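Below: the structure, in C-alpha cells.
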C-alpha cells in the first residue's frame, strides 16, 4: 500500500489530480482501520502508469477512447454515485462525501476565507498573495455597468428575473469591452465577477443605488445594490454563502462552460453558456420552487398536505436529495450554520420553519437537504428580493465557471463526446416504397 503522496509521486502527478482520479472512479482508495490516512494499492498505481505519463507536453492517454466517453452511466463503488468520465481537473474534488477546492476542504474556506480569495484560488491554483486580492478588490470597487449593459437591462424589462438579467448582461458586457484595448483573460474574469452583482438586482422604482456604494467586495456590492447599507454580519454571511456556491466539479452548467471554452470562445461566451444551462428547471430552478414552497407554508398550507401533494405527483420536495451526497450535502450543513447565525439578527421564524421541513422530509422520504434549500433560506432571511437565491448561486458559481474555462484554455482539446447509437439498422433510401 502507498500513501497519497507516494502514489502521486509514482504517477508523476499532483495530489489534486490523484484525488480527481478517485472521485471519477479511475482509482480505488482505502482507509486505514486506525487513523484517517488514505492508502492506495501499489498494483493499482502501477496499472495507471503509462496512462497518465505526459508525452510531448500533453497527456497522451489520460482519457478512455472517445467511443466510450458517453455511455450508460458508469457504476461507482458501494458509496459512490454513478457518472460518466469526460475530463480531468485539478480545481475541485469530491471524495467520500468531502468537497474540496484545490485541495482545501470547503469547511475551512467557508470559515476562514473571503470570496475574493476563493475566486483567485480557483483561478490560479494556489492561495493568493495580498497584492492579488487587493487588485481584484480594486477592480470591484471601481466597476460600473457600461451604457450598453444598462440599455440591454432596460430593454429586457423591469420584471426580468435575476438569472435572465445576467444572461442579457453577458453579451452586452462583451460588446462594451470590445471597444477598449483588448483585455487579458484574467481582466475579463475580474470584470465579469464585478459586474454581476450590479446587473442582477433591478433598481426600478427604488431609491438610487449605484456602484459607488458599499464595500470593495463582491458581497458588499451585492448587499448595497439590493439592501443599501448593511452590517458587518451581513457581509460575513453573504461571503460564506458565495464561497459555498463557488465550485462543484463537473455539473451541467460547468460542463457547458468548458464545452464553449474548448471552442476558443471568450469568457463571456463560456459564462453565458453556463447561465443559460441554469434556465432549465432541473438544474437551476430548484431555488424558485423552494421559494414557492416556503411562501405556501407561510400562507397557511399544512406541511403534511404539501408533502403529500408532491408525493402524489411523484415529485421530490424541492431542495432535498443529491446523487453525489446520499449521506447529506456538506454545503447544506454549512449554510444551515449560516442561517443559525442570521437568526440572531433576523429572528428564528424562517429558520424554525426550515427545521420543520427538514425533519418532515427526512421522516417521509429519508432525504437530507441540499445546497439549494439552505441557500434559499439564508437569502430570504437576509431580506433579499424574491427570485434572488438563484442569482446569488450564479454569482458564487461564476468563480468556478471561470476557473474551469481558464483550465480548459491552458491545455485545450475540443470537447467532442460520442453518443451510443440505438436507432434503426443501416438501410437504403432507394429501397424504400
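Read-outs: derived from the displayed coordinates by stated rules, not from any lab. Because the structure is a prediction, the values reported are computed rather than measured. When we count neighbours, we look across all protein chains shown, and the Cβ atoms used for this are built from the backbone with ideal geometry, even at glycine.
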Task: region 379-433: projected area of the alpha-carbon convex hull, averaged over directions, in nm² - done: 9.3
TODO: Would you compute, from DSSP H runs of 4+ residues alone, the mean residue ellipticity of the chain at 222 nm, taking -39500 (n - 2.57) per run and dividing by the full residue count, rounded to the nearest 500?
DONE: -17000 deg cm²/dmol
TODO: Run a plain Debye calculation on region 274-433 (Cα atoms as equal point scatterers, no solvent) and give log10 I(q)/I(0) at q = 0.16, 0.19 Å⁻¹, rounded to two decimals, same order as the q list.
DONE: -0.96, -1.25
Task: Sorted by Cβ neighbour density within 10 Å, fewest at the top, the residues 107, 358, 352 - done: 352, 107, 358
TODO: Report the FRET efficiency, 1/(1 + (r/R0)^6), for residue 43 and residue 363, where r is their Cβ-Cβ distance and R0 is 45 Å, rounded to 0.05.
DONE: 0.50
- [ ] Grab the alpha carbons of region 345-417, take their convex hull, and tell me the volume per residue in Å³.
- [x] 145
TODO: With all distinct Cα pairs included, what does the Kirkwood hydrodynamic radius of region 285-360 come out to in Å, to one decimal, could you say?
DONE: 13.6
Open item on the list: Please state the shape class of region 327-379: rounded when a/c is under 1.5, otherwise prolate if a/b exceeds b/c and oblate if not, all from the C-alpha gyration tensor.
Closed with: oblate
Open item on the list: Please compute the length gained on full extension between residue 283 and residue 424, using 0.36 nm multiplied by the number of residues separating them and subtracting their Cα-Cα distance.
Closed with: 47.6 nm
Task: Packing-based order for 140-147, 40-47, 115-122, using average beta carbon neighbours within 10 Å, highest first - done: 115-122, 140-147, 40-47
TODO: Let me know the whole percent of all Cα-Cα pairs from the chain that are separated by more than 37 Å.
DONE: 28
